[in-house]
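The structure under discussion appears below in the form of structure tokens.
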Amino acid sequence: MSSIPFHNLFVVIGNPENRRIQFLLKALKMVHSPRVKIVPWIDLLKGRVHLDREIGKNCIVRIDSPGENPLVERQILLNGVDEPDESDNPARISKKQLCNLVFEKGRILFPRQWYLGFRKVLNKINRILLAKQGIKVLQPPKDIEILFDKRLCHAKCSENRISVPKIVTKVNSFDELVEKLRHAKTRRVFIKLANGSSASGVVAFEMNQHRMQAFSSVERIPNGRETRLYNSLKIRCYRSIREIADIVNILCKEGVHIEHWIPKSGWNGHRCDLRIVTVSGLPCHGVLRLSKSPMTNLHLGNKRGNLNELISCMGLSKWSEVKNICRSAASVFPDYHAIGMDILMTPGFQSFFVAELNAFGDLLPEVMFKGLNTYETQIQDLMNQNAF
Amino acid sequence: MTIDEHAKVFADKPIVDYNPMAGIEDPLKYCYKIGFGYDAWDAQEPLTNVIAKFLNDKCVIDIEAIVIGSWEEMGSMEISSAPIVEALVAAKERLPKLNGIFIGDVVSEECEISWIMQSDMSPLLLAFPNLEHFRVRGNEGLSLGTLNHTGLKSLVIETGGLSSQVVTQVAAAKLPNLEHLEIWLGTDEYGGDSTIKDLEPLFSDGLFPKLHYLGLRDSEYVDEIAIEIAKAPILKKIKVLDLSLGTLTDKGGKALINCPELSGLEKLDLHYHYLSDEMIDQFRQLGINVDIDDKQDADEDDDYRYPAVTE
């Protein structure tokens, strides 16, 4: 690694109350007297802070998640109100409606408009960063923009020959989906919001000539003329075509990314997959995620399994394959410091696929690699690069 | 719980995937699995073509056990196991040593258990009188016909809902050498329309004289089963009682706890249940070999309990 000029300030754009920042600050204590400045998303979005003035020469800049904060969410949505959308996804909430918005936990709230608003602020940040000399940007805004759109991310991985599931494209409604699936004789797909995160608005859908059913943590709540969708912590099985169509149609208005449902490997009476964090392109932390449903996300009350046992079981040769696919996926974003990737394994650990790349996928509490948590590993990595 | 892993062992042999390129390499050591795996939807030919290659292998004559995995268009519910049954029956002369058949080693991630299309198995059982192990997964379209078989030692039927028709066929069967009977009753929602009355013949000790293991698993009326079986003569005869994977509550638990015949069992399997902690302690203190793991919490919202395998 080539030596990097000494950086004298660590600037984080994030939500200060979020535990991600707490973990980060704790990890930064490993560095001898670092100077840390937190730029809150809300201040950046409202123009209370000028990033241009916060970042000097030779800063390290980290961009962290804007999530889990309703005020920030609303501000980003406001930011997206007049943004043009090349994907033409129609769902929109107006400025007036946003001003009157009552925060509801778990509500799937116009993710496409959110993305447009987020992209707008990312572009602004990018312009400022490009004009600075000698800074080290750990999460290039242009990469975040791609990572936050599953369609773009999948396309980029495909271009780079990363093993990813096949997709079903140009689906704007439930009827279109069913027709395309029948035509292609595809029976099972995962329908995901193109701009959602971690199991938000994900539907595992299967059909044949006789039946259809969908598994999802999405909850449908009729509200006057409209149906609202909420992310819950429980997986439901929908078997009524009317309900399934309603959910899928609402998701389509936000833009969907649809993939073939690749069967997952089993482990101790559960389905399983892997979440692996790469730092500077190398796989470090790993979690074996177990689930009794098609969704393995940890926050859905799913469990973790014993990764070492899994590695013993699949053998080192197969495990090398897993690590290689992680390295390849990370190399698609060579300037991105840490990526959280979801790796799919088929039954018997025969094949591996990259299911998802997460821009802020390093929140893995209690998962250690060489005695360090994900934040400590990232800081240690920077120290090894003589960044401080 | 769903079925998430393929079987590793069947008829006392480790299972390996049949690879048509490599052929049958060790028919005495292994049980071969013929199936398309997770890309069954992409299959370019019917599984019966692969089975035909298998049956033309010079080593097939020594084959003792076969497992059938996903066949083409698994999950479409358009193609049943009938062509496969027909292929095996037609080749019975080439399988003189066959003593084990398992049709449907399909995991939930490949196909929902209730979407597996089975068929009438009676021609298969008729064609192979020396068959000792028969295992089948999936209720849809399944029939065992009039079940009279002298060879059968082990019969396992795994479903998310087993039809009363099949339960009745089992309860009326003549299986003089049967040692292991395991049926997954499932829920009504997925075709499990049997009732305790259908099971009654199984509780007498005359039905299967050599029965050692009785498994009435994955049942939504296991409480009733426990109550009836606690007073049944069969309990004096068998050595292993398996009521796991169902919705067993303290109601059924009490009947079992108070049953004196329990001490004669080598094992009582109750894993995956809805018993209270107090009841669990009582079972542990009984001094018998009992599996009481995997306690389930009833759904907080609506107090609904469900067996382990349904979809």
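The set of residues in the stretch A:301-327 that are within 17 Å of A:W267 (Cβ to Cβ) and of a type in the set (A, V, I, L, M) comprises A:L307, A:L310, A:I311, A:M314, A:V322. Anything in the stretch B:172-197 that is closer than 14 Å to B:L207 by Cα, in contact with a helix residue (DSSP H, G or I) (Cβ under 8 Å, 6 or more places away or on another chain) and surrounded by fewer than 18 Cβ atoms within 10 Å (Cβ to Cβ)? List them, or say none. Scanning the stretch B:172-197 gives a single hit, B:A172. Within the stretch A:71-126, restricting attention to residues that are crowded, with 18+ Cβ neighbours inside 10 Å and of a type in the set (F, W, Y), the residue that is nearest to A:L251 (Cα to Cα) is A:F110.
Across the stretch B:226-240, not a single residue is classified as free of Cβ contacts under 8 Å to residues at least 12 places away in the same chain and more than 25 Å from B:E179 (Cβ to Cβ). Remark: pairs (first residue in the stretch A:167-187, at negative phi; second residue modelled with pLDDT of 95 or more and in a loop (DSSP other than H, G, I, E, B); Cβ separation under 7 Å; 6+ apart in sequence or on different chains) = A:L177/A:V171; A:K180/A:V171.
Note on the stretch B:70-88: residues that are among the polar types (S, T, N, Q) and buried (at least 23 other Cβ atoms within 10 Å of the Cβ) total 2. Taking the stretch B:12-64 as the range and being among the hydrophobic types (A, V, I, L, M, F, W, C), assigned to a loop (DSSP other than H, G, I, E, B), within 14 Å of B:M74 (Cα to Cα) and more than 14 Å from every other protein chain (Cβ to nearest Cβ) as the test, no residue passes. All conditions but one from (1) at pLDDT 95 or above; (2) within 30 Å of A:F103 (Cα to Cα); (3) charged (D, E, K, R) apply to A:E176; the one that does not is (2). I'd like the full set of residues that are open to solvent by less than 20 Å² (accessible area, probe 1.4 Å), in contact with a Leu (Cβ under 6 Å, 6 or more places away or on another chain) and farther than 16 Å from A:P294 by Cβ, limited to the stretch A:205-250. Those that are open to solvent by less than 20 Å² (accessible area, probe 1.4 Å), in contact with a Leu (Cβ under 6 Å, 6 or more places away or on another chain) and farther than 16 Å from A:P294 by Cβ: none in the stretch A:205-250. For beta carbons closer than 8 Å, sequence separation of 6+ or different chains, a first residue in the stretch A:299-322 that is within 26 Å of A:S200 (Cβ to Cβ) and a second that is open to solvent by 90 Å² or more (accessible area, probe 1.4 Å), the qualifying pairs are A:H299/A:L233; A:L300/A:L233; A:G301/A:L233; A:G305/A:N268.
For the stretch A:187-204, taking the residues that are within 14 Å of chain B (Cβ to nearest Cβ) and under 21 Å from the mean Cα position of the chain (by Cα), the one that is surrounded by the most Cβ atoms within 10 Å (Cβ to Cβ) is identified as A:V189. Number of residues in the stretch A:258-298 that are open to solvent by 10 Å² or more (accessible area, probe 1.4 Å), modelled with pLDDT of 95 or more and among the aliphatic types (A, V, I, L, M) equals 1. When A:I262 is tested against (1) facing chain B (nearest Cβ under 9 Å); (2) of a type in the set (A, V, I, L, M); (3) under 21 Å from A:I108 (Cβ atoms), exactly one condition is not met: (3). For B:E25, the criteria (1) open to solvent by 20 Å² or more (accessible area, probe 1.4 Å); (2) touching a residue at least 60 places away in the same chain (Cβ under 8 Å) hold in every case but one, which is (2).
Starting from the stretch A:68-90, take each residue that is of a type in the set (V, I, T) and list its partners that are part of a loop (DSSP other than H, G, I, E, B), counting only C-beta distances under 9 angstrom and pairs at least six apart or across chains. Pairs that qualify, where the first residue is of a type in the set (V, I, T) and the partner is part of a loop (DSSP other than H, G, I, E, B), are A:V72/A:N15; A:V72/A:P66; A:I76/A:P66; A:V81/A:R92; A:V81/A:I93; A:V81/A:S94. Restricting A:I60, A:I42 to those that are surrounded by 13 or more Cβ atoms within 10 Å (Cβ to Cβ) and in contact with a strand residue (DSSP E or B) (Cβ under 6 Å, 6 or more places away or on another chain) reduces the list to A:I60.
Among the residues of the stretch A:14-35, the ones that are within 28 Å of the chain's Cα centre (by Cα) and in a loop (DSSP other than H, G, I, E, B) come to 6 in all. For the stretch B:241-253, the criterion of being surrounded by fewer than 18 Cβ atoms within 10 Å (Cβ to Cβ) and at pLDDT 95 or above is met by at least one residue. Being closer than 21 Å to A:L24 by Cα, at pLDDT 95 or above and away from every other protein chain (no Cβ under 14 Å) is a property that A:L372 has. A:V171: outside any helix (DSSP H, G or I) and within 14 Å of chain B (Cβ to nearest Cβ), yes or no? No: the conditions fail for A:V171.
Does A:R225 satisfy the condition of being more than 14 Å from every other protein chain (Cβ to nearest Cβ) and more than 22 Å from the chain's Cα centre (by Cα)? Here the answer is yes, as A:R225 does meet what is asked. Among the residues examined, B:A91 does not qualify as surrounded by 17 or more Cβ atoms within 10 Å (Cβ to Cβ) and either of a type outside the set (A, V, I, L, M) or under 25 Å from B:D218 (Cα atoms) (or both). A single member of B:L256, B:L262, B:L214, B:L235 is under 19 Å from B:F283 (Cβ atoms), open to solvent by less than 10 Å² (accessible area, probe 1.4 Å) and outside any helix (DSSP H, G or I), and it is B:L214. Considered as a group, the residues in the stretch B:1-22 that are closer than 27 Å to B:P307 by Cβ and open to solvent by 40 Å² or more (accessible area, probe 1.4 Å) include one that is modelled with the highest pLDDT, and that residue is B:V9.
Which ranges mark the helices (runs of 4 or more DSSP H) fully within the stretch A:61-153 that have 2 or more residues being among the β-branched types (V, I, T) and within 20 Å of A:V49 (Cα to Cα)?
Fully inside the stretch A:61-153 and qualifying: A:70-79, A:111-130.
Applying the condition of being within 14 Å of chain A (Cβ to nearest Cβ) and closer than 21 Å to B:V85 by Cβ to the stretch B:1-11 and asking which residue is nearest to the chain's Cα centre (by Cα) yields B:A7.
For first residues located in the stretch A:130-157 and over 19 Å from A:C326 (Cα atoms) and open to solvent by less than 40 Å² (accessible area, probe 1.4 Å), partners that are of a type in the set (S, T, Y) and assigned to a loop (DSSP other than H, G, I, E, B) and lie 6+ apart or on another chain with Cβ distances below 8 Å form the pairs A:P140/A:Y336. The set of residues in the stretch B:150-171 that are surrounded by fewer than 23 Cβ atoms within 10 Å (Cβ to Cβ) and touching a helix residue (DSSP H, G or I) at 6+ places or on another chain (Cβ under 7 Å) comprises B:S164, B:T168, B:A171.
Pull up the stretch B:101-131, narrow it to residues that are among the acidic types (D, E) and more than 10 Å from chain A (Cβ to nearest Cβ), then point me to the one that is most open to solvent (accessible area, probe 1.4 Å).
First, the residues of the stretch B:101-131 that are among the acidic types (D, E): B:105, B:109-110, B:112, B:120.
Still in the list and also more than 10 Å from chain A (Cβ to nearest Cβ): B:105, B:120.
On the way: B:D105: 1, B:D120: 70 Å².
Among them, the one singled out is B:D120.
The values are calculated or read from the model by the stated rules, or taken from the named source; none is laboratory data. Bear in mind the structure is a predicted one, so any value in this text is a computation, not a measurement. Every residue, glycine as well, gets a Cβ built from its backbone with ideal geometry; the counts of neighbours run over all protein chains shown. Just so you know, the surface numbers come from the protein's heavy atoms only, side chains and all, with ligands and any DNA or RNA stripped out. Shrake-Rupley method; radii C 1.70, N 1.55, O 1.52, S 1.80 Å.
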